[in-house]
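These notes concern the structure reproduced below.
Read-outs throughout are calculated quantities, based only on the coordinates presented, and are distinct from any laboratory measurement. In this text, all values refer to a predicted model and were calculated from it rather than measured experimentally. Quick reminder, even Gly has a Cβ in these numbers, built from the backbone with ideal geometry, and neighbours come from all protein chains shown.
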């Protein structure tokens, strides 16, 4: 009986409000929809993110007293221009460097073998020649399939030619209508909700600025970090500068973990190219400076209005949502964690008055 009373009291405390129940149902429906149809709706999700980023530029032009329809067309033309540059210049360059990196892996493995075979002479009490040979055989067997695995993974992520064509057609098409009919779509969604919705309005108002700040800020951060890293590596003469710059730029999507993981390929490429030399030191110093400026200067400027989340909460959100929805789960991990925090903050917790007649 005590257990039933506890459950009844908990339900009365947190779910007595009709709007609270509706909000729970909407969140659950959204989670189920994304989980079951996430792959099918990926072009829509991509277009929504891009439109959300571009809406900031539209709003800025409108604030300069440019008519909204003119601002929309100007921003959309800019988006198409950037897309063409990416398709015709940036992506082919990255692919060529990726292919060259795969072809260079056997030479890198040979250098590792030569370095490892000197260890028994330098540290005979720690490792033996037999152990080194066993390690080298295992590494050789793995490396023989590494290139094929990486290419297969890359092609698997890209998808078929038909999927690429669908993305190239649907995403720009959807972005245009998301920008052009923003008010119409928002009003349509609002008409599906109750007229009196203080809880939803509170959560929505809190999340709107946070998501806008995060999505647009993260897009700007990816571009700035990637471009700065690329030109820095080019000036230092590092191979695969475009490929590494892209990886470093994308690494900012995963807070804390991304920068640590991408340090490994940067250090390996620099070591195999320059060895233990001054050039290697310059590359790692430049990379450390870029990461330091990103974390201590760029992030505070871009995300000044973001919700303050504990690093443990951020890492847990990245692991959980990334495990469920992959790339988009990682990208939206912080907004989703902020949404959970906003819902918990706004959730009605007043116990309803007991029925006097009861």
statement: Label model pair residue 33, residue 319: point-to-point distance (7 angstrom along the Cα→beta-carbon line) in nm is 3.0
- request: Apply 1/(1 + (r/R0)^6) to the Cβ-Cβ distance of residue 70 and residue 118, taking R0 = 51 Å, and write down the FRET efficiency to the nearest 0.05.
  value: 0.15
task: Report the FRET efficiency, 1/(1 + (r/R0)^6), for residue 26 and residue 293, where r is their Cβ-Cβ distance and R0 is 30 Å, rounded to 0.05.
output: 0.15
- request: Can you put 129, 221, 68 in order of Cβ neighbours within 10 angstrom, beginning with the fewest?
  value: 129, 68, 221
task: Provide the gained length on full extension for the span residue 279 to residue 163, in nm with one decimal, where the gain is 0.36 nm per separating residue minus the Cα-Cα distance.
output: 37.5 nm
field: Spin-label model distance (nm) - residue 40 vs residue 187, 7 Å beyond Cα toward Cβ
entry: 3.0
task: Figure the gain on full extension for residue 133 and residue 81 (residue separation times 0.36 nm, minus the Cα-Cα span) and round it to one decimal in nm.
output: 13.4 nm
